[in-house]
1. May I ask you to verify whether B:Val88 is farther than 18 Å from A:Asp199 by Cα, touching a Leu at 6+ places or on another chain (Cβ under 7 Å), surrounded by 21 or more Cβ atoms within 10 Å (Cβ to Cβ) and within 13 Å of chain A (Cβ to nearest Cβ)?
2. When only residues in segment A:20-63 that are closer than 19 Å to A:Ala269 by Cα and of a type in the set (S, T, N, Q) count, which is surrounded by the most Cβ atoms within 10 Å (Cβ to Cβ)?
3. Of the numbered conditions (1) in contact with a strand residue (DSSP E or B) (Cβ under 9 Å, 6 or more places away or on another chain); (2) within 17 Å of B:Gln90 (Cα to Cα), B:Val191 satisfies every one except a single condition; which is it?
4. Name the helices (runs of 4 or more DSSP H) wholly within segment A:209-305 that hold at least 3 residues that are over 18 Å from A:Pro190 (Cα atoms) and within 14 Å of chain B (Cβ to nearest Cβ)?
5. If you check B:Pro275, B:Pro359, B:Pro333, B:Pro291, which single one turns out to be touching a strand residue (DSSP E or B) at 6+ places or on another chain (Cβ under 8 Å), more than 23 Å from B:Val234 (Cβ to Cβ) and not hydrophobic (A, V, I, L, M, F, W, C)?
6. Within segment B:91-108, track down each residue that is within 8 Å of chain A (Cβ to nearest Cβ) and not hydrophobic (A, V, I, L, M, F, W, C).
7. Pull out all pairs, ordered by first then second residue, where Cβ-Cβ is under 8 Å, the residues are six or more apart or on different chains, the first lies in segment B:191-217 and is more than 11 Å from B:Leu242 (Cα to Cα), and the second is aromatic (Phe, Trp, Tyr) and in a helix (DSSP H, G or I).
8. Which ranges mark the strands (runs of 3 or more DSSP E) fully within segment B:184-258 that have 2 or more residues being touching a Ser or Thr at 6+ places or on another chain (Cβ under 8 Å)?
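The values are calculated or read from the model by the stated rules, or taken from the named source; none is laboratory data. Given the structure is predicted, the values throughout are model-derived calculations rather than measurements. Because the Cβ atoms are built from the backbone with ideal geometry, glycine has one as well, and the counts that use them run over all protein chains shown.
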Amino acid sequence: MSVTAEGLPPLRMTRARRNALLQSEPVQGFALISPTFLYALILLVLPILVVIAHSFWTQHYLTIDRTFTLENYRVALTEPIYRDLLWRSLYISLTVSFFTVVLAYPIAYFISFHGGRHKSLWLFLITIPFWTSYLLRVMSWKVILGYNGVLNSGLMGLGIIDEPSTALLYNSSAVIITLTHAWAAFAILPIFVSLEKVDRTLVEAATDLGDGPLGSFLRVTLPLSAPGVISAALIVMIPTVGDYVTPKLVGGKDGVMIANAIQAQFGKASNWPLGAALSVTTMLIVSLMAGATVLIIRALQRLAR
Amino acid sequence: MPERPQSDRTMIEINGVTRSYGAIKALDDASLSIREGEFFSLLGPSGCGKTTLLRMIAGFDNPTSGSISVGGQPMEGIAPNRRPTNMVFQSYAIFPHLNVEQNVAYGLKRLKLQGAEEKRRVEEALAQVSLTGLGKRGATELSGGQRQRVALARALVMRPKVLLLDEPLSALDKKLREQMQVELRRLQQAVGITFVLVTHDQYEALAMSDRIAVMFGGKIAQVASPKEIYQRPVNRQVADFLGGMNFVKAEVVEENAASLVVDTLGFGRIKTDKPKAFARNGGGATLGIRPERLRVLWDNATAKFEVAGKVVERHYFGEITHLIVEIPGLEKPLSVTETNDFGADDIPVGAPIRLAYDPEALVAMAD
């Protein structure tokens, strides 16, 4: 480390120094990640830079005016339609992450604490829905939630409702239900991993010191699995804000999200700079929200003591 | 500090407890009675059932048959969090998300004490284990010895009737372990709580306990004071586990209720106490003598009881020397440990040697 930091003689490097450099941990680390790093640089960082650049430009029909302007951001932040779409996207993604984590936790807990020797079988079963395409899974939710769908027929058959409910499909609840199901496995796995790391003796120690099952869960298991809960929440929250397929298929007009608007700007409306500004705004807000979520869960964890 | 007078009241009563896992019996019909205020050790090799028994007293495991009572109260069906016992775990099980103070106060929170009272008890417990001033230290910033003390304070602060210790010193290095043995014993004498210690280290058990139960293969082989266990082991297994022992074959000449008269090839005719579990196989019996009970006779010194032989091996251990001595008539050579004050480390291999012994030190035991 100090070898690389301290000024090396220019041009000529002794063999010993070169070897030391090659064996230093940071250099080896960079060498190891460099293929992936280059890949990410070309396919991730460059496109983002292009998008950021566009967001400061203006579209004139077929040409793009490259003078710097903040006009796109003004539109993105003040135009009611975009503000509403953004709020709705955030609301949907927060609700989805909340429900996904709340529903995933008991499953992860069961597998980790009561899975016995069948743990890997249980994990394997959880991945089964992923054997089909995401589109098929969304479609099957349409079949379940639709006017003549499984849920409506079932409820009518039981005599709970008289006529099919239209409240199930083509609104934001349909988007929430579908996304919660779709992302369940991504929440179960990180929570499972963090629960696996909880030393079972700690739970025994809590019991020994007088805690019942609920007490030891709230005071030991839950706080110690918080890292898993945080990553599960983030893994679900960040991609769902920008989800495009689900609202398109089950969202109807009440379930449209910001990604649909961005797609429209890059597509039919052909206003790339506005689309870019919307994208950048969404990215920034998602980052802020992710940061806030981490802080809130940490604070709750501290409170549990 | 004077020894705490022993109470005659029973604190833990273990009655015919068996614990089976399928066909394997981890504990086989164990009965034991532990007195109030006693420092009691369960000693045995790994897999002998000592930890199973401890965990059943704590309530983490249940007997397949038999019963356990603590403080006169039967423990059957009582959850571990409602038992008057607290445990110091082998891994210490310090809560990593809490600091020292919060770890110690963990169990007190449930008692809903007033803030000042809780603080006072935490301070008191930390003082008992010499951790005063470290209350704000994070759980991950502690050394092994400190973690051990926190685990101890966290259990003691609950003022349990019984403190259970599962190999509490096995993770510490030798020096710290010896220091903690002294401290644990001192602490137990000071607080007067019944301690039940599980260990596989015979020196640990001998140094700290009022009484020891030696266990093998799920059975309790002997329950007695450290001195009795060491000097009068009931069988070869116990004798072997508690350190070196020379076994000598003997022929029983006379047997009555309390004593035996035996003939040995090397040591001649000996009269000895008859152990409780003594069962002779035909006319034969086994006698044992500890290596340090054989003394080297120098030059022309004589003793009332002596055997003569030849040194075949010599091993140097600093303060002592370990000699292997062949005695005509004995099928196995004797081990002798002699302090080095008189030059035992200079005895040449192959030299003739005479050993003095006290016939009292030769004990009869079951095979």
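1. Judged against the criteria, B:Val88 is not a match.
2. Going through the qualifying residues, I end up with A:Ser55.
3. All conditions pass for B:Val191, except number (2).
4. Once the helices (runs of 4 or more DSSP H) in segment A:209-305 are filtered for at least 3 residues that are over 18 Å from A:Pro190 (Cα atoms) and within 14 Å of chain B (Cβ to nearest Cβ), what remains is A:213-216, A:272-303.
5. B:Pro333
6. Listed by number, the residues that qualify are B:Ser91, B:Pro96, B:His97, B:Gln102, B:Tyr106, B:Gly107.
7. B:Phe216/B:Phe241
8. The strands (runs of 3 or more DSSP E) meeting that bar are B:194-199, B:211-216, B:246-255.
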